[in-house]
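Every read-out reported here was derived from the displayed coordinates using simple, explicitly stated rules and does not represent laboratory data. Treat the numbers as computed from the prediction; the structure is a model and nothing was measured. Positions of Cβ are backbone-derived with ideal geometry, glycine not excepted, and every protein chain shown enters the neighbour counts.
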Amino acid sequence: MAQLVFRLKNVPEQEADDIRELLNEQGIEFYETSAGRWQISMAGIWVRDKAQAAQAKELIAQDQAQRAQQATPITAKDWLAGFLTHAKQNPVEFVFTVLGILLVLSLTLIPFWIGQRLAG
């Protein structure tokens, strides 16, 4: 049975290419699945052979550890800049996200507000 060795969701294409190259260099046969049009399926790299899957997981773990050492920490300023860039690139998604947050907050807080008004 195939084993998932690497999830591709939210992975930069360069990193995914590096993982593919690493597996090819080691002669590990793999296949990929996409998340599909609606992004509900499992996007990942899979290996059918259990022994090769264990080897692939070890290689990927080493690669990820090396990437973690080389990574620079994200500051609050970097995060805010990325957030604003994403909001500008996806304004409809941003508006619906804010509306969703407001809806959940209102549904959560309105019963307390009503209870306070009735008690007072």
Rounded, prolate or oblate (a/c below 1.5 giving rounded, otherwise prolate when a/b exceeds b/c) for region 3-70 by Cα gyration tensor: oblate
If R₀ is 22 angstrom, what is the calculated FRET efficiency for the pair H86 and M42, using the beta carbon separation as r and rounding to 0.05? 0.40
Could I have the simple spin-label model distance between Q14 and K50, label points 7 Å from Cα toward Cβ, reported in nm to one decimal? 3.8
Projected onto the charge dipole of region 4-120 (unit charges on the beta-carbon of Lys, Arg, Asp and Glu, signs +1, +1, -1, -1), the Cα from A87, Q55, I28 with the largest positive-side position is that of A87
Give the calculated FRET efficiency between T72 and F94 to the nearest 0.05, with a Förster radius of 25 Å applied to their Cβ-Cβ distance. 0.40
Of (i) 72, 36, 27; (ii) 45, 27, 25; (iii) 66, 43, 26, the label for Cα extents along the principal axes in Å derived from the coordinates: (i)
Place a +1 charge on the Cβ of each Lys and Arg in the chain and a -1 charge on the Cβ of each Asp and Glu, then give the dipole magnitude about the Cα centre in debye, rounded to the nearest 20. 720
